[in-house]
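Contents: one structure, followed by commentary.
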Number of protein chains: 2
Amino acid sequence: MSSQIYIGVDLGGTNIKVGICDEQGKLLKTLEGPTSPELGAESVLERIAQYVRQVVEESDYSWEQVAGIGAGLAGFMDIPEGFVKFSPNLQWHNVPAKKTLEALLGKQVKIDNDANVAALGEAWSGAGAGIPNVVCYTLGTGVGGGIIINGKIYQGSAGMAGELGHMSIVPDIEAIQCGCGQMGCLETVSSATGIVRMAKEAVERGERTSLALHEKIEAKHVFDDAKSGDEVALRIVNRAAYYIGRSMAALAVVINPKRFIIGGGVSKAGEILFQPIRDTFIKFTPEAAAEGVEIVAATLGNDAGVVGAAGLNLR
Amino acid sequence: MSSQIYIGVDLGGTNIKVGICDEQGKLLKTLEGPTSPELGAESVLERIAQYVRQVVEESDYSWEQVAGIGAGLAGFMDIPEGFVKFSPNLQWHNVPAKKTLEALLGKQVKIDNDANVAALGEAWSGAGAGIPNVVCYTLGTGVGGGIIINGKIYQGSAGMAGELGHMSIVPDIEAIQCGCGQMGCLETVSSATGIVRMAKEAVERGERTSLALHEKIEAKHVFDDAKSGDEVALRIVNRAAYYIGRSMAALAVVINPKRFIIGGGVSKAGEILFQPIRDTFIKFTPEAAAEGVEIVAATLGNDAGVVGAAGLNLR
């Protein structure tokens with residue numbers, strides 16, 4: 001096989017996942033192992049290099065076919081320099097990840113933040129394949145985002161583009177403070193954390209709801225109870241969906257993407273979440289900007305990160 | 001002079017303005033005449049062609065130096081095709097403007113909507129000169145917008161990118177319907193029309209305000225009375241500014257521009273408008289996305305349209 005291959009690294013706080021993609025973004029082979037961040041950044045980077053070599057060795061491809069290596073992780077970084085200023089889950093401070101990996105591997109390395117990388121993965125060979133302009137939401141503990149313009153991650157002036165979870169979208173009267181310090185961020189209502197918070201508050205207020213029966217409320221319980229007809233749970237789901245829909249309506253006249261993609265754990269709730277998002281989007285978007293625009297679920301699941309990271313060197 | 005020149009056409013409902021720009025976006029010469037849209041689209045396009053030839057003839061440049069011609073107008077259009085579907089102020093329906101002008105002039109012609117073109121003008125040689133990513137607001141009868149990414153107009157999938165006036169941003173409880181049919185668009189509160197509406201409503205409600213003394217309230221009166229200390233007028237100005245600031249806070253984590261530029265008639269109000277916009281922006285934007293971002297007034301004034309139109313063929 002003479003074609004080029006692209007290696008992606010999804011660097012999480014618990015696990016490192018590496019994978020080989022072909023030029024079409026098809027994931028050919030993966031390998032996973034523990035991150036063990038407590039051993040320090042150098043040790044983690046060495047382990048990444050080892051996994052990258054190993055996944056290629058165990059494949060039908062040769063090291064010469066590796067066109068580049070990409071890595072996605074959560075944190076604040078200087079993306080062009082590949083310098084991680086701070087990563088909370090890895091406990092990294094000022095780690096020159098790109099330079100270190102390039103020295104260890106002798107290949108070009110690119111890094112980017114995990115939400116951007118997941119967006120690129122979906123745009124490359126997932127729910128956005130073949131569409132030049134897409135906007136991706138990742139609904140998990142927080143709300144991540146990534147904007148793909150002409151098939152590439154759009155970074156903005158300071159790498160802050162696509163931080164959709166920090167669009168301040170909740171009206172003052174019902175806004176609460178976000179972890180970022182601002183008021184009314186999308187993340188405060190539409191993340192798993194936000195959904196669980198709203199559920200707990202409803203229970204604490206003594207509202208009549210089946211949510212009170214869970215020992216420790218999780219986002220999944222809220223969706224399940226909403227599906228079972230619990231009105232309080234349904235109201236919370238609708239509120240989370242409403243603000244995603246409104247943020248999309250704003251993006252439709254700003255980015256004007258052809259497709260919105262929603263991934264992350266919360267997106268697994270399905271139509272009970274997607275339908276009110278679509279309804280709100282249609283209600284608040286001028287017809288010319290809503291026409292033909294689709295709101296769809298991500299398709300790569302947990303592979304989006306490793307695929308998108310592989311794509312950093314191609315796209 | 002052997003350098004290339006670029007011709008811009010600002011096609012308004014009342015006047016046609018044509019101008020010559022050099023390669024740096026410096027406006028060298030202009031010519032103006034009536035649009036007379038009542039004579040029909042063909043007549044208007046012929047007059048544009050005549051003005052374009054005339055402005056070059058009367059200059060120190062030769063027709064051979066003309067590298068391209070651009071035109072900006074208000075309306076819905078297929079931008080790549082240069083086909084105007086509908087222009088309310090020109091009363092045009094399905095006019096192949098680009099093709100007709102190319103046939104008349106024998107040069108490459110590009111057309112775009114007026115807000116995009118004004119944004120490009122400011123980005124090229126106005127308040128955004130030298131900055132790759134800027135977002136421009138044009139505050140007039142409506143609220144127009146234009147997004148410049150890497151020095152070029154960003155169009156989005158259906159040419160609806162940068163329609164900032166139709167970001168739905170006013171909370172439901174105080175939203176009114178916009179001319180576009182949607183609820184709560186920025187344009188309903190932050191345009192001259194929106195400001196005058198709020199002033200009239202305050203007077204009709206019998207609020208104690210100097211606004212009641214104007215026979216026919218204009219946006220300028222509201223700013224003047226606010227400057228004189230009228231609290232009702234000040235509240236209206238602050239509300240118009242507040243939603244611009246909030247829309248900018250959202251854009252800071254989506255487009256993440258280096259600079260926001262505000263032009264159009266309403267922007268002439270000065271600091272009484274700009275200061276609350278800046279205050280709101282800072283309040284609702286995560287620090288990393290607000291740092292170093294400037295909110296400034298447009299500098300080209302009425303020339304932004306003709307300069308930006310000239311730039312359509314260069315940028």
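The values are calculated or read from the model by the stated rules, or taken from the named source; none is laboratory data. Just so it is clear, the model here is predicted, and its values are computed rather than measured. Here the Cβ is made from the backbone with ideal geometry for all residues, glycine too, and neighbour counts use every protein chain on show.
On the basis of being in contact with a Cys (Cβ under 7 Å, 6 or more places away or on another chain), not in a loop (DSSP other than H, G, I, E, B) and not assigned by TED's automatic domain parsing to the domain that holds A:Thr138, does A:Leu28 make the cut? Give the derivation first.
Values: in contact with a Cys (Cβ under 7 Å, 6 or more places away or on another chain): yes; not in a loop (DSSP other than H, G, I, E, B): yes; not assigned by TED's automatic domain parsing to the domain that holds A:Thr138: yes.
When the stated conditions are applied, A:Leu28 passes them.
Cβ contacts < 7 Å: first residue touching a residue at least 24 places away in the same chain (Cβ under 8 Å) and facing chain B (nearest Cβ under 10 Å), restricted to the stretch A:273-295; second residue surrounded by fewer than 18 Cβ atoms within 10 Å (Cβ to Cβ) and in a helix (DSSP H, G or I), any location; separation 6+ or different chain. Result?
A:Ala290/A:Ile282
Take the conditions surrounded by 20 or more Cβ atoms within 10 Å (Cβ to Cβ) and within 30 Å of B:Gly184 (Cβ to Cβ) and apply them to A:Val196. Does it pass? Give the derivation first.
On the way: surrounded by 20 or more Cβ atoms within 10 Å (Cβ to Cβ): yes; within 30 Å of B:Gly184 (Cβ to Cβ): yes.
Taking the combined requirement at face value, the residue satisfies it.
Say whether the condition of being within 14 Å of another protein chain (Cβ to nearest Cβ), modelled with pLDDT under 95, touching a helix residue (DSSP H, G or I) at 6+ places or on another chain (Cβ under 6 Å) and closer than 21 Å to B:Val254 by Cβ is met by at least one residue in the stretch B:188-198.
Here is the first cut: in the stretch B:188-198, the ones within 14 Å of another protein chain (Cβ to nearest Cβ) are B:188-189.
Going one step further and asking which of them are modelled with pLDDT under 95, we end up with none.
No: the stretch B:188-198 contains no residue that is within 14 Å of another protein chain (Cβ to nearest Cβ), modelled with pLDDT under 95, touching a helix residue (DSSP H, G or I) at 6+ places or on another chain (Cβ under 6 Å) and closer than 21 Å to B:Val254 by Cβ.
Return the residues of the stretch A:132-146 that are of a type in the set (Ser, Thr, Tyr) and crowded, with 24+ Cβ neighbours inside 10 Å; say none if nothing qualifies.
Of all residues in the stretch A:132-146, those of a type in the set (Ser, Thr, Tyr) come to A:137-138, A:141.
Answer for the stretch A:132-146, where residues must be of a type in the set (Ser, Thr, Tyr) and crowded, with 24+ Cβ neighbours inside 10 Å: A:Tyr137, A:Thr138.
Mind listing whichever residues of the stretch B:236-246 are in contact with a Phe, Trp or Tyr (Cβ under 9 Å, 6 or more places away or on another chain) and within 14 Å of chain A (Cβ to nearest Cβ)? Let's see the steps before the verdict.
Going residue by residue through the stretch B:236-246, those that are in contact with a Phe, Trp or Tyr (Cβ under 9 Å, 6 or more places away or on another chain) are B:237, B:241, B:244-246.
Of everything in the stretch B:236-246, those that are in contact with a Phe, Trp or Tyr (Cβ under 9 Å, 6 or more places away or on another chain) and within 14 Å of chain A (Cβ to nearest Cβ) turn out to be B:Ile244, B:Gly245, B:Arg246.
Return yes when A:Phe260 is touching a Cys at 6+ places or on another chain (Cβ under 8 Å) and either buried (at least 22 other Cβ atoms within 10 Å of the Cβ) or part of a helix (DSSP H, G or I) (or both) and no when it is not.
Numbers: touching a Cys at 6+ places or on another chain (Cβ under 8 Å): yes; either buried (at least 22 other Cβ atoms within 10 Å of the Cβ) or part of a helix (DSSP H, G or I) (or both): yes.
Judged against the criteria, A:Phe260 is a match.
From the list A:Ser2, A:Ser87, exactly one residue is at pLDDT below 95 and over 26 Å from A:Ala161 (Cβ atoms). Which is it?
Working: A:Ser87 fails: over 26 Å from A:Ala161 (Cβ atoms).
Being at pLDDT below 95 and over 26 Å from A:Ala161 (Cβ atoms) holds for just one of A:Ser2, A:Ser87, which is A:Ser2.
Can A:Gly159 be described as outside any helix (DSSP H, G or I), modelled with pLDDT under 95 and within 14 Å of chain B (Cβ to nearest Cβ)?
Values: outside any helix (DSSP H, G or I): yes; modelled with pLDDT under 95: yes; within 14 Å of chain B (Cβ to nearest Cβ): yes.
Considered against the rule, which asks whether it is outside any helix (DSSP H, G or I), modelled with pLDDT under 95 and within 14 Å of chain B (Cβ to nearest Cβ), A:Gly159 comes out as yes.
What are the pairs with Cβ atoms under 8 angstrom where one residue, in the stretch A:201-230, is at negative phi and the other, located anywhere, is buried (at least 20 other Cβ atoms within 10 Å of the Cβ) and among the hydroxyl-bearing types (Ser, Thr, Tyr)? Sequence gap at least six, or different chains.
Sorted first by the residue in the stretch A:201-230, then by its partner, the pairs are A:Ala202/A:Thr209; A:Val203/A:Thr209; A:Asp225/A:Thr209; A:Asp230/A:Thr209.
Can you work out which of the residues in the stretch B:148-191 that are farther than 29 Å from B:Val222 by Cα and among the β-branched types (Val, Ile, Thr) is surrounded by the most Cβ atoms within 10 Å (Cβ to Cβ)? So that I can check it myself, show each step before the final result.
Of the residues in the stretch B:148-191, the ones farther than 29 Å from B:Val222 by Cα are B:148-161.
Now narrow it down to the ones that are among the β-branched types (Val, Ile, Thr): B:148-149, B:153.
On the way: B:Ile148: 28, B:Ile149: 20, B:Ile153: 24.
Per the criteria, the residue is B:Ile148.
Answer yes or no as to whether A:Ile147 is modelled with pLDDT of 95 or more, in contact with a strand residue (DSSP E or B) (Cβ under 9 Å, 6 or more places away or on another chain) and β-branched (Val, Ile, Thr).
Working: modelled with pLDDT of 95 or more: yes; in contact with a strand residue (DSSP E or B) (Cβ under 9 Å, 6 or more places away or on another chain): yes; β-branched (Val, Ile, Thr): yes.
So A:Ile147 passes the test.
So, in the stretch A:247-272, exactly how many residues are more than 14 Å from chain B (Cβ to nearest Cβ) and of a type in the set (D, E, K, R)?
The total comes to 2.
Need the failing condition index for A:Lys152 against (1) away from chain B (no Cβ under 14 Å); (2) of a type in the set (D, E, K, R); (3) over 15 Å from the mean Cα position of the chain (by Cα), just the number.
(1)
In the stretch A:171-187, which residues are closer than 19 Å to B:Ala289 by Cβ, more than 9 Å from chain B (Cβ to nearest Cβ) and more than 19 Å from the chain's Cα centre (by Cα)? Spell out the reasoning first.
So in the stretch A:171-187, the residues closer than 19 Å to B:Ala289 by Cβ come out as A:175, A:177-187.
From what's left, more than 9 Å from chain B (Cβ to nearest Cβ): A:175, A:177, A:179, A:186-187.
Listed by number, the residues that qualify are A:Ala175, A:Gln177.
Considering only the stretch A:215-235, I want to know if a residue exists there that is within 30 Å of B:Ala288 (Cβ to Cβ), away from every other protein chain (no Cβ under 14 Å) and crowded, with 21+ Cβ neighbours inside 10 Å.
Yes, that holds for at least one residue.
Check the stretch A:272-294 and report whether any residue there is farther than 24 Å from B:Ala249 by Cα, of a type in the set (Gly, Ala, Ser) and in contact with a helix residue (DSSP H, G or I) (Cβ under 6 Å, 6 or more places away or on another chain).
Checked against the condition, which is being farther than 24 Å from B:Ala249 by Cα, of a type in the set (Gly, Ala, Ser) and in contact with a helix residue (DSSP H, G or I) (Cβ under 6 Å, 6 or more places away or on another chain), the stretch A:272-294 yields no hits at all.
Kindly provide the set of residues from the stretch A:131-145 that are within 11 Å of chain B (Cβ to nearest Cβ) and not hydrophobic (A, V, I, L, M, F, W, C), ordered by number.
The answer is A:Pro132, A:Asn133, A:Gly145.
Taking the condition part of a loop (DSSP other than H, G, I, E, B) and either in the same structural domain as B:Thr141 (by TED's automatic domain parsing) or crowded, with 23+ Cβ neighbours inside 10 Å (or both), does B:Arg278 pass? I'd like the intermediate steps shown before the answer.
Working: part of a loop (DSSP other than H, G, I, E, B): no; either in the same structural domain as B:Thr141 (by TED's automatic domain parsing) or crowded, with 23+ Cβ neighbours inside 10 Å (or both): yes.
Criteria not met by B:Arg278.
One line per residue, one yes/no per condition, for (1) in contact with a Pro (Cβ under 7 Å, 6 or more places away or on another chain); (2) more than 22 Å from A:Gly265 (Cα to Cα):
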{"residue": "A:Ser157", "(1), (2)": "yes, yes"}
{"residue": "A:Met167", "(1), (2)": "no, no"}
{"residue": "A:Ile173", "(1), (2)": "no, yes"}
{"residue": "A:Met183", "(1), (2)": "no, yes"}
{"residue": "A:Val189", "(1), (2)": "no, no"}
{"residue": "A:Thr193", "(1), (2)": "no, no"}
{"residue": "A:Lys216", "(1), (2)": "no, no"}
